[in-house]
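The structure under discussion appears below in the form of structure tokens.
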Amino acid sequence: MKGIVQGVGFRPFIYQLADKFKLKGTVLNNSSGVVIRVTGLRATLDSFCKDISSNHPELSIITDISVTTIELEHFSEFSIVQSEKEESTNALISPDVSVCKDCLSELFDKADRRYHYPFLNCTNCGPRYTIIDDIPYDRPKTSMKHFKMCDECQKEYDDPKNRRFHAQPNACSVCGPKVSLWNNNNEIIDVKDPVEETINLLKKGYIIAIKGLGGFHLACDALNDKAVKTLRQRKLREEKPFALMAFDSEKVESFAHLNTDEKKLLESNKRPIVLLKKREGNKISEDVSPRNRYFGTMLPYTPLHYLILNEIEALVMTSGNRSDEPISISNDDAFDSISDIADYFLIHDRDIYLRSDDSIVKKTKNATSFIRRSRGYVPIPVFLKDNIPSVLAVGGGLKNTICVTKEDRAFLSQHIGDLENYESLEFLQLTVSHMKRILDVEPEIVACDLHPDYMSTMYAKELDTKIIEVQHHHAHIASCMAENKIDEPVIGLAFDGTGLGSDGNIWGGEVLISDFKGFERAAHLSYAPMPGSGFAIKEPYRMGLSYLFSTFGSDYKNLDIPFIKSSEQKSFDFLTAMIKKKLNCPLTSSLGRLFDGIASITGVRNKVFFEGQAGIELEMIAKEGVTESYNYSYKKTNLYEISHKEIIESVVKDLLEKTDVSVISSKFHNTIINLFTEICCEIRSDTKLNSVALSGGVFQNSILLEGFLSKLDENGFKVYCQNIVPANDGGLSLGQAMIAAASI
Ligand code: ZN
Ligand code: ZN
Ligand code: FE
């Protein structure tokens with residue numbers, strides 16, 4: 001059996017099945033998966049095989065079963081034998097999964113020997129990827145190797161009828177990991193029950209660093225304004241939303257709306273953070289997710305979380321790091337880096353080998369959009385259409401992930417984050433070597449972004465291997481094609497904030513005719529200067545001014561709209577001088593920047609605290625049910641160049657007529673959808689291509705994503721979007737890998 005068949009209760013399942021059919025033989029884990037040798041009557045063996053396919057454990061994924069007749073061996077019984085290590089390592093490792101129902105009832109059962117034990121688990125649940133150092137998956141290869149099982153645990157581990165038979169992280173309060181509570185001076189707090197004391201401290205408004213599954217969280221009472229504000233100040237995180245955790249769906253429904261699909265996702269054993277519409281009049285502090293219609297919410301996924309949330313309405317659970325640094329995983333590291341943020345530390349002595357942040361998902365009508373794909377999903381591979389050569393792709397600059405391919409599988413790493421400091425680069429290197437080790441591959445080709453200044457590109461260039469540089473937006477489209485198993489050319493809509501184009505300008509409003517072998521730029525938004533380059537991303541008013549200036553010339557000054565009188569106007573003359581002299585004004589065709597520009601012209605936001613904030617807020621205020629849109633124009637040379645001038649003129653006209661910003665936002669969204677659908681129709685008549693692939697960070701915008709899905713469908717296109725990996729730069733490495741592999 002190949003697939004995810006190790007560490008998920010597969011051998012005990014086989015043992016019990018063999019017992020049921022009275023079959024003799026052996027089962028063992030090797031580096032390819034699970035091998036079963038079994039003797040019996042043909043008919044019985046057939047039923048045995050059928051049962052494996054239909055009843056295998058919940059966490060297992062079988063990708064391949066091969067059956068052969070072997071020479072007769074005489075077995076006296078059916079037994080589980082020692083793992084063997086083979087040449088090729090093809091076994092898939094399970095992701096970390098949330099505590100199962102059986103374990104949960106033991107956790108709250110006073111009569112159970114594991115009552116309130118924060119690390120209980122069984123073969124159906126618990127930590128996996130984050131505690132594994134090498135394969136095959138056995139206790140000595142995990143961070144549980146430091147804990148010797150007590151007699152009772154060992155008995156369970158050895159008993160094929162037990163739920164904990166060969167459960168590698170099996171533990172109890174006698175023999176397993178323990179929690180302890182510390183203050184931020186690195187002094188232990190001497191209490192009988194550290195968890196109970198943690199709950200008291202949280203209720204009093206303290207900020208606690210809690211060691212979890214894939215790293216530390218910073219937690220505080222989500223209903224306590226003062227605590228949430230303090231956490232924001234100390235973490236230097238001005239406005240980016242915090243994630244919430246509550247005991248169960250019922251509790252979540254007291255502050256957020258939950259439909260059937262969202263509930264299923266929230267309760268799945270992958271336990272992602274799900275973006276849920278806020279409920280009116282909820283009691284959660286305003287500071288948790290300011291100016292946003294959503295709460296990022298998750299349910300507890302470790303027993304420790306359950307113990308705490310059982311006593312508290314809702315917690316803020318944000319990643320335990322300083323802004324921009326990777327999340328802390330070791331106790332020492334946490335004390336070093338976040339002791340000025342946390343008042344107390346609830347830690348434990350089970351090591352986390354590999355950091356894994358919480359995954360973030362948003363469910364829309366027709367799509368499941370990953371904002372971040374990490375804990376719970378990694379290392380489940382993306383299954384490809386065909387076998388491809390083994391390559392390593394190192395991703396982009398922000399929201400980085402890496403990708404390693406092997407045969408017909410692409411393994412995307414957990415979220416590595418923004419590569420802006422040495423710590424995150426170290427994390428990238430660690431992840432590359434870990435992935436290569438557990439997959440047992442040594443890729444001969446490395447793919448990176450075309451941008452020479454990304455740390456990932458520099459890292460790739462230092463490796464002693466052949467490098468393939470991949471254009472950013474081509475990689476986005478290839479990522480969408482890969483997960484949808486398409487290899488024919490498509491019309492790709494690649495919409496994002498930034499990516500270096502092949503002409504040296506900054507792209508991001510692109511229509512590319514692509515396959516894995518190459519691409520042709522078929523259409524793009526017209527270029528606009530970005531006065532101050534990177535500053536124009538952090539300060540959207542610079543883009544607002546740039547679009548106004550290119551549309552109205554110096555007359556923009558006479559426009560009677562609030563933006564012209566905003567506090568930023570002092571710098572307008574300076575910025576227009578920069579534009580005229582082409583000083584530090586790179587050109588961009590980015591749709592993300594157009595969103596920024598419109599957001600600032602309409603008074604939504606002039607400065608941002610996190611990537612994409614202005615665009616997100618423009619989406620959040622859009623009024624439902626508005627069907628009008630603005631005029632647009634484009635001209636065709638060797639490609640379609642779409643002017644932004646009509647759109648800017650119309651927005652200004654609406655502002656002068658005092659049209660509500662919520663209506664302007666909707667009309668702008670509708671315009672983008674109509675305009676690019678028309679462009680797709682034009683390209684279809686030029687090329688006869690009928691498939692459209694959507695990718696790039698802008699597709700996190702649900703209005704655009706859903707709008708394009710239905711409008712393109714109405715126009716007879718086959719439309720593909722990303723449901724397995726993020727459409728943002730978190731999915732970039734997959735596309736890079738596909739393109740590099742195709743070049744071999
Ligand atoms: Zn369990
Ligand atoms: Zn024990
Ligand atoms: Fe991008």
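A short reminder: the numbers here are calculations on the coordinates, not readings from a lab. Keep in mind the model is a prediction, meaning the values are calculated, not measured. Cβ sites come from the backbone with ideal geometry, for glycine too, and all protein chains shown count toward neighbours.
Structure notes:
- With the highest mean first, a sort of the peptides 253-265, 271-283 on other beta-carbon atoms found within 10 angstrom per residue produces 271-283, 253-265.
- Greater than 29 Å apart at Cα, pairs in 263/658; 278/570; 565/623; 204/235; 623/653: 263/658; 278/570
- Beta bridge orientation in the range 2-80: antiparallel %, DSSP, nearest 5: 75 percent
- Dividing the alpha-carbon radius of gyration of the range 42-195 by the rule-of-thumb value 2.2 N^0.38 Å gives 1.29.
- For the range 92-109, 3J(HN,Hα) computed residue by residue from phi via the Karplus equation (6.51, -1.76, 1.60; θ = phi - 60°) reads 9, 9, 6, x, 6, 10, 6, 4, 7, 4, 4, 5, 5, 6, 5, 4, 9, 9 Hz, glycine and proline entered as x.
- Counting DSSP beta bridges with both ends in the range 179-348, the antiparallel % (nearest 5): 80 percent
- Furthest towards positive pole of dipole, 307, 274, 201, structure part the chain, Cβ charges: 274
- Share, in percent, of DSSP beta bridges within the chain that are antiparallel, nearest 5: 70 percent
- Near residue 24, once Lys and Arg are set to +1 and Asp and Glu to -1 for all other residues with Cβ below 12 Å from its Cβ, the sum equals -1.
- Descending by average beta-carbon neighbour count within 10 Å, the peptides 67-80, 424-437 line up as 424-437, 67-80, the highest first.
- CD proxy at 222 nm, helix term only [per DSSP H run n ≥ 4: -39500 (n - 2.57); per residue of the chain; nearest 500]: -9500 deg cm²/dmol
- Counting Cα-Cα pairs of the range 607-744 in 10 Å increments starting at 0 gives whole-percent bin shares of 10, 32, 38, 16, 3, 0.
- Proportion of all alpha-carbon pairs of the chain beyond 40 Å (%): 37 percent
- Hull volume in cubic angstrom per residue (convex hull over the Cα atoms of the range 1-44): 70 Å³
- Across the chain, the relative contact order, built from alpha-carbon pairs under 8 Å that are at least six residues apart, equals 12 percent.
- Taking amide H atoms as placed 1.01 Å from N in the peptide plane, the amide H of residue 408 lies under 5 Å from those of 388, each 5 or more residues away in sequence or on another chain.
- Each label was represented as a point 7 Å from its Cα along the Cα-to-Cβ direction; for residue 257 and residue 653 these points are 3.3 nm apart.
- Gap separating the Cα centres of the range 511-582 and the range 625-650, nearest whole Å: 16 Å
- In summary, the helical segments of the chain meeting the span-like criteria, namely a full DSSP H run, a Cα extent along the axis of 30 angstrom or more and a mean Kyte-Doolittle hydropathy of at least -1.0, are 661-687.
- Sorted peptide list for 562-569, 27-34, 374-381, 165-172, criterion being average Cβ within 10 angstrom, highest first: 374-381, 165-172, 27-34, 562-569
- 11 Å beta-carbon shell around residue 557, net charge (K/R +1, D/E -1): -2
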